[in-house]
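Student: A single structure is presented below for examination.
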Amino acid sequence: MSVVSMKQLLEAGVHFGHQTFKWNPKMKKYIFIKRNGIHIIDLKQTVDAINEAYQFVKEVAGRQEYI
């Protein structure tokens, strides 16, 4: 089960990126589409990354280590 859903991210507007002329080429693999002069971020990748980070923090905290 995901920590956060795509629906929650969509409702929060997380998918809106920068204007297309202000982008960093290193972000290309995370951009889903360009629409109306704005990059739309790939929420599937975002959810996956959030879940991966959550699992890491959960494991470290479970060992009572510092992050």
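The values are calculated or read from the model by the stated rules, or taken from the named source; none is laboratory data. Worth saying up front: this structure is predicted, and the values here are computed from it rather than measured. Ideal geometry is used to build each Cβ from the backbone, glycine not excepted, and the neighbour counts take in all protein chains shown.
Student: Return the pairs, sorted by first residue and then second, in which the second residue is at pLDDT 95 or above, the first residue lies in region 54-67 and is aromatic (Phe, Trp, Tyr), the beta carbons are less than 9 Å apart, and the residues are 6+ apart or on different chains.
Tutor: Tyr66/Val60
Student: Tell me yes or no: at least one residue of region 45-64 is in contact with a Lys or Arg (Cβ under 9 Å, 6 or more places away or on another chain), at negative phi and assigned to a helix (DSSP H, G or I).
Tutor: Scanning region 45-64 turns up at least one residue that is in contact with a Lys or Arg (Cβ under 9 Å, 6 or more places away or on another chain), at negative phi and assigned to a helix (DSSP H, G or I).
Student: In region 5-22, what count of residues is obtained for those that are within 10 Å of Ile38 (Cβ to Cβ) and either touching a Ser or Thr at 6+ places or on another chain (Cβ under 9 Å) or not in a helix (DSSP H, G or I) (or both)?
Tutor: 5
Student: Hey, could you check region 21-67 for residues that are of a type in the set (S, T, N, Q) and surrounded by 10 or more Cβ atoms within 10 Å (Cβ to Cβ) and say which is nearest to Leu10 (Cα to Cα)?
Tutor: The qualifying residue nearest to Leu10 (Cα to Cα) is Thr46.
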